[in-house]
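Worksheet: the structure to be examined is printed underneath.
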Amino acid sequence: MSWQNNEILFRGAKKISLWRLVFTVIFIALPVRAVNVPLAWDPSSDPNVAGYKIYYGLASHVYTSTIDVGNVTNTTITGLSVNTTYFFAATTYDASGLESGFSNEATYTTSTNATSTPPVVYQPPTLNPVSSLSINENAGLQTINLTGISLGSGQSLSITAVSSNPALIANPTVNYSSPASYGSLSFTPTLNASGTTTITMTANNGLAQSNIVTRTFNVTVNPVYQPPTLNPVSSLSINENAGLQTVNLTGISLGTGNAVTITAVSSNPALIANLNVNYSSPASSGSLSFTPALNASGTTIITVTANNGLTQSNLVIRTFNVTVAAVNQPPTLDPIGNLTFAFNSAAQTVNLTGISPGAPGEIQPLIVSAVSSNPNIVPNPAVAYSSPKTNGTLTIKPVANTNGSATITVTVNDGAPFNHLLTRTFAVAILANGAVVPAATVVSLPATLSSATRINGHFSFTVNGVTGKYYAVQASSDMINWTPVQTNTTASTFTFEDSDGTQTQRFYRTVEVVP
């Protein structure tokens, strides 16, 4: 026991964080035969302390009286006998009532000679302990309630809060208005940061002593795997056969990963199949390109996936629709070769092939018409066609006793509001009286006739076809009745030699033959 200014100093607390007990004794003048002893002590540094108990008695470590003083750091023991030695010890307890062991013991002997004025006892403010907190990374704004606030001996109270790790959590914002018994503090952890910080709260009532109470609690921010990022992609509407499309990809980031890969798939590969991603990590943007199938329409869902390669939270998926609106395709008709007629030739029939409404799936009824640029020489041909057949005929009959030329325009109309017409033109020449129709003047696609010459005195020419196709050479003396005279067996380009020397005039053409 040591004495200094009527204080008893205790050190070496046992099992509790009660490091210093200061007992201030008020002496009551005689003839009063009882002594009141005001006691004050420094608070425990343990944040879980909910209150204190004071034990005392007349023998060392034999405590016959106890007082639960609550969560304060001072009290007054009343009614003590004069000229008596008392033994004091303290304990702390938590919110569940769990009590610590005794602190070190202090003694004090009361006296009948005390006539001094009792010293002023300053009451510190109070603030309940705050439990430690564990949250996940990027948990957002946190609010902590503050309770058990009192002014102590002061007239006003201020509360501040400081973070030991401001890189994780900056100093919290305190919401408190004196003399309220409650308040709050709030904070938001730094984005994508994890770790631990200690928040120290200080309540100060502004007095010269016993003016501060501090509370500390830990905030643990647990790391969370961050997925990559990719901005949403707007849906797209285009017309059929719109060609190459490019879609920008933006807002790309790695998340917690070191690199990101981007892939894309189509739910309708018959409409859009080949998706090309142009992206190089760690760029924040890229692009996606594709070309819809020719003459196809409909809708597909494009799914774009960004993957940063982690074992969890590694994906971000964006989807968007691509709608390809159907557009009418123009009808089709194979080209028609030019014709040469002898003077006053009989009517000739021209075959029309490759007729269709346009693209597969189009079923419009077709109308085929033909007009002549010079009806005084070649009247408008007669058309024989019934939709939806793929072939028809034209009948051409030049005007008698005339010669010259005309251009025949054949039109196929599918009746749609647009892209509804296809035209083919070919020339018709009428020779003058007595003129001989040159050999090899009729050309039928897809093969062509060229290099007309004579071999061994016989007329010959070259047939130029498409690789892998077979062609028959047909001959006619009147351009009405055609007779096959040769068919290629290997090469698509071959030479025809007409060894029939009995003919004075002959016409030739080629037609494709399906083996």
Need pairs with beta-carbon distance below 6 Å; first residue assigned to a loop (DSSP other than H, G, I, E, B) and within the stretch 176-187, second surrounded by fewer than 14 Cβ atoms within 10 Å (Cβ to Cβ); sequence gap 6+ or separate chains. SER178/SER156; TYR182/THR147
Return the pair list, or none, for Cβ contacts closer than 9 Å from residues in the stretch 311-333 that are on the phi > 0 side of the Ramachandran plot to residues that are of a type outside the set (Phe, Trp, Tyr) and surrounded by 17 or more Cβ atoms within 10 Å (Cβ to Cβ), at least 6 apart or on different chains. SER313/GLN226; SER313/PRO227; SER313/GLY255; SER313/THR256
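For the stretch 253-284, what are the residues that are under 30 Å from ASN222 (Cα atoms) and of a type outside the set (A, V, I, L, M, F, W, C)?
SER253, GLY255, THR256, GLY257, ASN258, THR261, SER281, PRO282, SER284
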Within the stretch 55-69, considering residues that are in a strand (DSSP E or B) and β-branched (Val, Ile, Thr), the one nearest to the chain's Cα centre (by Cα): VAL69
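So that you can scan it fast, the table gives a plain yes or no per residue for (1) surrounded by fewer than 16 Cβ atoms within 10 Å (Cβ to Cβ); (2) under 30 Å from ALA306 (Cβ atoms); (3) among the aromatic types (Phe, Trp, Tyr):
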site	(1), (2), (3)
TYR182	yes, no, yes
ASN192	yes, yes, no
THR197	no, no, no
ASN204	no, no, no
VAL219	no, no, no
TYR225	yes, yes, yes
Before we move on, is THR160 at pLDDT below 95, assigned to a strand (DSSP E or B), among the β-branched types (Val, Ile, Thr) and on the phi < 0 side of the Ramachandran plot? no
Residue list for the stretch 256-298, restricted to those being free of Cβ contacts under 8 Å to residues at least 12 places away in the same chain and outside any loop (DSSP other than H, G, I, E, B): ASN278
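So that you can scan it fast, the table gives a plain yes or no per residue for (1) among the hydroxyl-bearing types (Ser, Thr, Tyr); (2) over 30 Å from ALA326 (Cβ atoms):
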{"site": "ALA170", "(1), (2)": "no, yes"}
{"site": "SER178", "(1), (2)": "yes, yes"}
{"site": "THR188", "(1), (2)": "yes, yes"}
{"site": "SER210", "(1), (2)": "yes, yes"}
{"site": "VAL221", "(1), (2)": "no, yes"}
{"site": "PRO232", "(1), (2)": "no, no"}
{"site": "LEU244", "(1), (2)": "no, no"}
{"site": "ASN248", "(1), (2)": "no, no"}
{"site": "GLY257", "(1), (2)": "no, yes"}
Check every one of the strands (runs of 3 or more DSSP E) wholly within the stretch 413-515 and list those with 2 or more residues that are modelled with pLDDT of 80 or more and at negative phi. 421-430, 458-464, 470-476, 483-487, 494-498, 507-513
Show the residue pairs that are 6+ apart or on different chains and have beta-carbon atoms under 7 Å apart, the first residue being within the stretch 411-433 and among the charged types (D, E, K, R), the second being assigned to a strand (DSSP E or B). ARG424/VAL410
Evaluate the stretch 39-51: report whether one residue or more is more than 28 Å from ALA203 (Cβ to Cβ), touching a residue at least 24 places away in the same chain (Cβ under 8 Å), of a type in the set (S, T, N, Q) and surrounded by fewer than 20 Cβ atoms within 10 Å (Cβ to Cβ). no
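Condition check ((1) more than 30 Å from PRO227 (Cβ to Cβ); (2) outside any loop (DSSP other than H, G, I, E, B)) across all residues:
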position: THR300; (1), (2): no, yes
position: SER313; (1), (2): no, no
position: ILE317; (1), (2): no, yes
position: PRO335; (1), (2): yes, no
position: VAL350; (1), (2): yes, yes
position: ALA370; (1), (2): yes, yes
position: ILE377; (1), (2): yes, no
position: LYS389; (1), (2): yes, no
Does ILE199 satisfy the criteria of being part of a loop (DSSP other than H, G, I, E, B), farther than 30 Å from LEU39 by Cβ and within 38 Å of the chain's Cα centre (by Cα)? no
Take the residues of the stretch 308-329 that are over 30 Å from THR423 (Cα atoms) and in contact with a Gly (Cβ under 9 Å, 6 or more places away or on another chain): which is surrounded by the most Cβ atoms within 10 Å (Cβ to Cβ)? ASN308
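The values are calculated or read from the model by the stated rules, or taken from the named source; none is laboratory data. All figures in this text were calculated on a predicted structure; none of them were measured in a lab. Positions of Cβ are generated from backbone atoms using ideal geometry, with glycine treated the same way; all protein chains shown enter the neighbour counts.
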